[in-house]
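A short write-up of the structure that comes next.
The values are calculated or read from the model by the stated rules, or taken from the named source; none is laboratory data. Only a predicted model underlies this, so the values are computations on that prediction, with no experimental measurement involved. Positions of Cβ are backbone-derived with ideal geometry, glycine not excepted, and every protein chain shown enters the neighbour counts. Ligands, DNA and RNA are excluded from the accessible area calculation, which covers all protein heavy atoms including side chains. Shrake-Rupley method; radii C 1.70, N 1.55, O 1.52, S 1.80 Å.
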There are 2 protein chains.
Amino acid sequence: MKIGELSRRTGASIRSLRYYEAQGLIAPLRESNGYREYSPLAEEQVRTIRFYLQLGLTTEQIAGFLNCVLSRPETFCTEVLPVYESKLADIEAQIAQLTRIRDNLTDRIASFRGESQQGEGESMRDERSERR
Amino acid sequence: MKIGELSRRTGASIRSLRYYEAQGLIAPLRESNGYREYSPLAEEQVRTIRFYLQLGLTTEQIAGFLNCVLSRPETFCTEVLPVYESKLADIEAQIAQLTRIRDNLTDRIASFRGESQQGEGESMRDERSERR
DNA sequence: CTTGACCCTGACATTAATGGCAGGGTGTAT
DNA sequence: ATACACCCTGCCATTAATGTCAGGGTCAAG
């Protein structure tokens with residue numbers, strides 16, 4: 001299978017497939033004319049790569065356990081768990097941060113609504129509060 | 001006040017202060033030797049800029065309403081509300097996306113725990129589910 | 001032989017705010 | 001004058017995956 005077909009089958013752009021190769025995630029053979037030749041298993045492999053990318057893992061992290069998860073169930077690959085745990089910690093921190101900002105924004109939007117109709121006992125002062 | 005002092009007072013790096021100027025957020029005078037001379041009001045102005053940056057707004061968005069909010073309470077500046085609303089929509093989408101990923105990660109981590117002790121009636125198969 | 005659909009490599013762009021360096025001027029105190 | 005603390009501009013780097021050129025082979029069908 002050549003790169004165009006693999007791209008069509010997996011939804012990954014040709015550019016991305018070449019990038020995965022440069023990152024050591026996949027290693028197609030080369031035909032005598034220099035064209036990449038992918039084995040049929042590459043299709044599953046690329047889907048797996050894209051799945052982990054969607055989870056927010058980097059190509060470097062994926063490279064660390066891809067061989068393992070391709071050959072057996074993920075839960076048997078001890079390299080995977082710490083990656084998941086650290087990613088989870090990241091995400092939770094991001095969610096916490098975004099939630100703080102969201103709450104701040106909703107408060108501020110609400111104070112527009114209050115201000116535009118009538119001051120309902122609220123301070124008219126510019127209240128730019130931090131919530132760190 | 002020169003740039004070093006303003007930097008010390010506000011916590012913004014000198015580099016950042018020059019960047020804010022390049023983005024049209026602040027316009028110090030120049031002394032005959034080319035040094036920037038900031039008015040005392042600049043301190044408040046920079047704090048305001050940094051506050052909005054922490055809310056995740058871009059310098060371009062801030063430029064759109066900074067003059068207004070510096071001279072009156074934020075809630076009187078009609079340019080601000082749509083910016084807040086669109087930023088809020090962004091943030092909520094990001095939170096939703098991160099939450100999906102987080103839930104996926106926690107599920108997968110949980111299945112490690114199940115797998116490592118004994119299969120408790122769970123499928124041993126690699127269950128890589130999507131949750132879109 | 002030409003057309004058209006493939007494939008190749010290499011390189012630059014993207015995003016936004018910030019860090020950091022090089023090379024150089026200014027100003028004050030010793 | 002020399003040292004030292006400032007200031008200036010301009011430029012490159014950062015991050016990670018992807019898009020998008022340019023410039024060039026390959027190969028089948030007509």
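Before moving on, here are some points about what is shown:
- Selection within the range B:58-95 - among the hydroxyl-bearing types (Ser, Thr, Tyr), within 11 Å of chain A (Cβ to nearest Cβ) and assigned to a helix (DSSP H, G or I): B:Ser71, B:Thr75, B:Tyr84, B:Ser86
- Taken together, B:Arg30, B:Arg9, B:Arg15, B:Arg36 contain a single residue that is more than 20 Å from the chain's Cα centre (by Cα), closer than 26 Å to A:Gln97 by Cα and within 16 Å of DNA strand D (Cβ to nearest atom), which is B:Arg9.
- The residues on offer are A:Glu37, A:Glu44, A:Glu60, A:Glu21, and the sole one that is at pLDDT below 95 and open to solvent by 40 Å² or more (accessible area, probe 1.4 Å) is A:Glu60.
- B:Ser129 over 30 Å from A:Asn104 (Cα atoms) and either modelled with pLDDT of 90 or more or surrounded by fewer than 17 Cβ atoms within 10 Å (Cβ to Cβ) (or both): yes
- Sole residue being touching a Gly at 6+ places or on another chain (Cβ under 9 Å) and open to solvent by less than 40 Å² (accessible area, probe 1.4 Å), chosen from A:Ile14, A:Ile3, A:Ile91: A:Ile91
- Which listed residue is open to solvent by 70 Å² or more (accessible area, probe 1.4 Å) and either at pLDDT below 85 or at the interface with chain B (Cβ under 8 Å from one of its Cβ atoms) (or both), from A:Ser116, A:Ser111: A:Ser116
- Failed item in (1) of a type in the set (Ser, Thr, Tyr); (2) under 20 Å from B:Glu115 (Cα atoms); (3) outside the structural domain of A:Ala27 (by TED's automatic domain parsing), with A:Thr99 passing the rest: (2)
- Check on A:Glu74, within 13 Å of DNA strand D (Cβ to nearest atom) and modelled with pLDDT under 95: no
- Total residues in the range B:16-45, condition more than 14 Å from chain A (Cβ to nearest Cβ) and more than 10 Å from DNA strand C (Cβ to nearest atom): 15
- Helices (runs of 4 or more DSSP H) enclosed by the range A:1-56 - at least 1 residues per element that are among the aromatic types (Phe, Trp, Tyr) and assigned by TED's automatic domain parsing to the domain that holds A:Ser71: A:14-22, A:41-54
- Within the set A:Gln45, A:Gln54, A:Gln61, the sole residue that is within 12 Å of DNA strand D (Cβ to nearest atom) and touching a residue at least 12 places away in the same chain (Cβ under 8 Å) turns out to be A:Gln61.
- Scanning the range B:63-78 for residues that are open to solvent by 30 Å² or more (accessible area, probe 1.4 Å) and either among the hydroxyl-bearing types (Ser, Thr, Tyr) or touching a Cys at 6+ places or on another chain (Cβ under 6 Å) (or both) yields B:Ser71, B:Thr78.
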